[in-house]
Every structure is written in structure tokens, then in C-alpha cells.
Ligand SMILES: [Zn+2]
């Protein structure tokens, strides 16, 4: 059979049955074919990935063990950022060396998997468990920022740091992956607006106001265990933080915050906000998920909720293997209530977070496109969800910032 003949047979079978039958008897799925193409065309972003500890490992030898990097009073053994295990969360990362350029069976995100999943942009989360020692949260956050920046120096042909929506597009157009930085937890500014400004100067483009506990200026929703509100939402200083983020051009991230903090931030902000990795109460009720009311308020603000894929936040029932359809239920509900312009993807994978079937790592992201197509979500909406909505918010945040800085 000639190629032309085969194409004619294929076309005939597609129009009559909707299923492509190849001569060898294999059945090809036309939706799968379309998903593959659409996924490659789309600008694909994951707005929340816990990759910084991996990049710290990859960039550590050149950056930190070089004796020229540290002064005489520097004690590597006393610096927690030097220790392989510093807290419960970091313990979940594998010991030993790690290279971004290599494929790792046990990591959710590395360069070969990002390429396989046609991923164009990733917000890397800067994160650590609660750090009670004064000064250490800033120091450790700076270490992660250095690791992310050092990784872009180390792999210049594959990744580059992006700080604006236009930079993301330029980097993607050059065939590289854009890395962006998000600070997951307002405690890392250690109650100091100047520290916030310096994080922005280093390239951080969103800050999650709280993690699983209250800061001195914002109430958290907790991560399962109830948290007592201390500020009734945002304190007066918390409002100043939001205003300064607007002025700087840093996205306000309301994942993890208490409902009242969410509404207080919406009342103060002059720019659209994001939720970088959240899910919806309508599918799984959880303190850190959002109600329909919050989805509608978010849409009114012009913001975007990026849907989280961590099983304990998304699956209403406990089971050995959560199907991908549960994650899709959250996405589809958010589209129905907030609208197609207000939903994105922020999968929230760390080393050890259990994942739905067919979404085990970032090489599988095309399966999301496929499932959304099967649910009848329009192709234009799928493209918005994968990156266009996020870039629209970034651009708007940049616009608000420059208008606030005009004297
Ligand atoms: Zn989180």
C-alpha cells in the first residue's frame, strides 16, 4: 500500500467511524493524535514545582565548595543549607548527587522529562519548612534563588530565567524552557518590606502570602490541621505587603491562605492575583481548597487559579490509585464557575507527593490535554489553561506596577 493510499483509507475510516484503523490492525485514537499536536502548539506552564532542592544539589559543587565562595568566618557545618537533611520536607528528597540534565526514575521533574512533556515554563517554588531561627529563612531562600539562577547558567542551551511575560515568550521561541521563581511563604521576608523588594530584584515573581501556618501578618488555612486565626485575615502590615507587591510587579499568590486573608487581599490589590496550586471544594472539601464563591471573586479580580494535583487535596475518597479524571474534575469545575480565562495548572509536585495515575511526572502532561479534549473543553480554552491565562496575569501585573510607579 502506498502512503497516499494509506492516507485515503485513513481519511475514509475517520469520517465514517471516528476511529483510525492502521493496516497492521492497530487502532489509533484521533483524540490522542489531536492532543499530541495541540499540546505541542500550546505554551505549557506549570506554575508550582518543588524543584529547588534538586537544583541546589546540581549546582552545589561549583558554587559552594569552591573555597573562594566563603569568607574566613564561614562554617559550612553550621549552615543548614549545607546539610543533606534540614527538615521534614527536605528529608523526602533523595540523598546523593543529582543532575538536572539526566533522567531520574524517582524524580518528578528533570530536563529529559520536561522536554518529553513539551513543558515551556516552570515556576520553581522557593520553600522550606517553618524556620524559627532569625535570619535563616532569608538565608536559605537566597540559597535556593542562587541554585535556580546557577542552574540557568549551567544549562544555557536548555533553560533561562524569565522575569516577565515577554521574556517567557522569547525564551520559548528560542527553543528553551523558561524558569521562573515563586516564593512559597511570606514568612521568608521576615517581616521586612526591604527583604521583599530584594527578592523581587533577584527575579522572584510571586509570593504565596502564607504557607501552612500564620505569618505575623496573615492568617493561613493550614494544611489539614486547623489553624486558629490571629489577624482576622490580613493585618495592616499584611495590607502594606500586598500594596508593595502591586507596586513592585510581583504576583500575589493566595494558595494556602485563610478564606478571610483571600478576601482581604482581593479588597486591597490593584492587580489580578493568582492561586499557584489550589483545588476546589466542590470536588474535595479541604481547608486549603476554594469555594465557588471564592472562584467567582477571583474571576471578578481577573486572576487565575492553578489546579493542584496532590492526591490528599484532590481525591474525595481514599483509594490505592487516584485516576487522572479526579484532577480533571477540579479543572472542569473551576472552568464552569470561574470561566475559561481564570484557570491554569500548578501541579505542586515534590519528590514524594503521591500523584494520580498517568500523571506520575512531567513527561505525562499531555495526558491532561487529552483528557480535557475528551471532556469537550475547547482547544482555545486548553491553550489558555496551559499558559496563556498565566501570562495575561503577569502582563497585567507588570502594567499595574508601571502605572503605580509613574509620578
Ligand atoms: Zn504548597
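The values are calculated or read from the model by the stated rules, or taken from the named source; none is laboratory data. Model, not experiment: these values are computed from the prediction. Neighbour counts are summed over all protein chains in view; Cβ atoms, including those assigned to glycine, are modelled from backbone coordinates with ideal geometry.
Structure values in brief
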item	result
Qualifying residue in region 151-166 (condition: within 16 Å of the ligand (Cβ to nearest atom), assigned by TED's automatic domain parsing to the domain that holds residue 387, within 17 Å of residue 251 (Cα to Cα) and in contact with a strand residue (DSSP E or B) (Cβ under 7 Å, 6 or more places away or on another chain))	no
Verdict on residue 337 being under 30 Å from residue 395 (Cβ atoms) and more than 16 Å from the ligand (Cβ to nearest atom)	yes
Residue check for residue 380: in the same structural domain as residue 163 (by TED's automatic domain parsing) and buried (at least 18 other Cβ atoms within 10 Å of the Cβ)	no
Residue among 340, 320 that is surrounded by fewer than 20 Cβ atoms within 10 Å (Cβ to Cβ) and modelled with pLDDT of 95 or more	340
Search result, residues across region 38-89 that are assigned to a helix (DSSP H, G or I), within 16 Å of the ligand (Cβ to nearest atom) and modelled with pLDDT under 90	53
Residue satisfying condition, being surrounded by fewer than 21 Cβ atoms within 10 Å (Cβ to Cβ) and under 23 Å from residue 58 (Cα atoms), within set 166, 191, 158	158
Residues of region 115-136 satisfying the condition of being assigned to a loop (DSSP other than H, G, I, E, B), touching a strand residue (DSSP E or B) at 6+ places or on another chain (Cβ under 8 Å) and more than 16 Å from the ligand (Cβ to nearest atom)	119, 120
Verdict on residue 326 being modelled with pLDDT of 95 or more, under 16 Å from the mean Cα position of the chain (by Cα), away from the ligand (no atom under 16 Å from the Cβ) and more than 19 Å from residue 116 (Cβ to Cβ)	no
Failed item, numbered, when residue 135 is tested on (1) surrounded by 17 or more Cβ atoms within 10 Å (Cβ to Cβ); (2) in contact (Cβ under 8 Å) with a residue 24 or more places away in the chain	(1)
Residue 35 vs. criteria part of a helix (DSSP H, G or I), farther than 21 Å from residue 178 by Cα and modelled with pLDDT under 95	no
Elements of type helices (runs of 4 or more DSSP H) in region 210-320, at least 3 residues being without any contact (Cβ under 8 Å) to a residue 60 or more places away in the chain and more than 16 Å from the ligand (Cβ to nearest atom)	236-248, 259-268, 292-301
